Amino acid sequence: MNLEQLNSLVEDKDMLAENLENLVQKERLAGEKLGIEKGRQEAEQRALESKRDTVRHLLAFGVLTDAQIAEATGLSIDDIAKLRLEDKH
């Protein structure tokens, strides 16, 4: 085997290693991004459930209007009305 072929093989090996490292890094970043997005969605869902629980507790008192509860919780009046109906069933 001549020196040129040997140098070419070494360069090819180095290029493959660099490409593999870049691919691994790219996949790791994509995985992190996906994990962050999934965590954000789960946190939003937990926050919404917490607001709904709060609405149910406020509805149980029976002294606040849907508009007052909506203002206090940040949910829409329609959401409050739906929860009110759900609790009656």
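Some values worked out for this structure:
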{"read-out": "Residue satisfying all of: in the stretch 66-83; assigned to a helix (DSSP H, G or I) and among the small types (Gly, Ala, Ser); farthest from Arg52 (Cα to Cα) among these", "value": "Ala67"}
{"read-out": "When residues of the stretch 24-74 are limited to those that are within 21 Å of Lys88 (Cβ to Cβ) and of a type in the set (Asp, Glu), the one surrounded by the fewest Cβ atoms within 10 Å (Cβ to Cβ)", "value": "Glu49"}
{"read-out": "Cβ-Cβ under 6 Å pairs, at least 6 apart or on other chains, the stretch 60-89 side of a type in the set (Lys, Arg), far side assigned to a helix (DSSP H, G or I)", "value": "Arg84/Leu59"}
{"read-out": "Options Val10, Val63; residue that is of a type in the set (Val, Ile, Thr) and in a helix (DSSP H, G or I)", "value": "Val10"}
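Rule-based calculations on the coordinates, nothing more; no lab input. Note that the structure is predicted; figures quoted are calculated from it, not measured. Here Cβ is always computed from backbone atoms with ideal geometry, including for glycine, and neighbour counts include all displayed protein chains.
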